[in-house]
Amino acid sequence: MPVEEQVAIAVYFLAHKGSYVTIATIFGVGKSTACKAISQVVIAMELLLKKTVYLGDYRKVMDGFEVMQFPQVIGAVDGCHCNIISPVRQGGQFINKKQRYSMLLQGTCDHTGRFIDLVTGWG
């Protein structure tokens, strides 16, 4: 499957919090193919962002947030739970408070909306 299609599947999944079945139907692929594409893209994002994203000059970031009436802030954080198929050996670690299997995706942005941190995992 082309990288562009894998990224499209992952972005759609993360943006809409759909099920693997829904995503697979929309993109015309199998459920396991959609799951694999999403997993690979999220892992690649985590690895690449660790190498390319950094806070930079925190004073500049704080000044930018202060202009928006948020003094003493150096990052805006948001996250979501992405539903997953139960992992074979570690399923218990991925059960969320709604008793569903999920992975946590959390991002932090600076005052311009640029990601300065991305974390995925169970939570």
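The values are calculated or read from the model by the stated rules, or taken from the named source; none is laboratory data. Treat the numbers as computed from the prediction; the structure is a model and nothing was measured. Every residue, glycine as well, gets a Cβ built from its backbone with ideal geometry; the counts of neighbours run over all protein chains shown.
Where in region 15-89 are there helices (runs of 4 or more DSSP H), lying wholly inside it, with at least 2 residues that are farther than 26 Å from Thr108 by Cβ?
Numbers: elements: 20-27, 31-52, 58-67.
In region 15-89, the matching helices (runs of 4 or more DSSP H) lie at 20-27, 31-52.
Looking at region 11-55 only, could you name the residues that are at pLDDT below 85, in contact with a strand residue (DSSP E or B) (Cβ under 8 Å, 6 or more places away or on another chain) and of a type in the set (Ser, Thr, Tyr)?
The one that is at pLDDT below 85, in contact with a strand residue (DSSP E or B) (Cβ under 8 Å, 6 or more places away or on another chain) and of a type in the set (Ser, Thr, Tyr): Tyr54.
When both residues are 6+ apart or on different chains and their Cβ atoms are under 9 Å apart, which pairs have a first residue that lies in region 99-123 and is in contact (Cβ under 8 Å) with a residue 24 or more places away in the chain, and a second that is acidic (Asp, Glu) and in a strand (DSSP E or B)?
Gln106/Asp78; Gln106/Asp117; Gly107/Asp78; Gly107/Asp117; Thr108/Asp78; Thr108/Asp117; Cys109/Asp78; Cys109/Asp117
Residues in region 58-74: is at least one free of Cβ contacts under 8 Å to residues at least 40 places away in the same chain and in contact with a Ser or Thr (Cβ under 6 Å, 6 or more places away or on another chain)?
No: region 58-74 contains no residue that is free of Cβ contacts under 8 Å to residues at least 40 places away in the same chain and in contact with a Ser or Thr (Cβ under 6 Å, 6 or more places away or on another chain).
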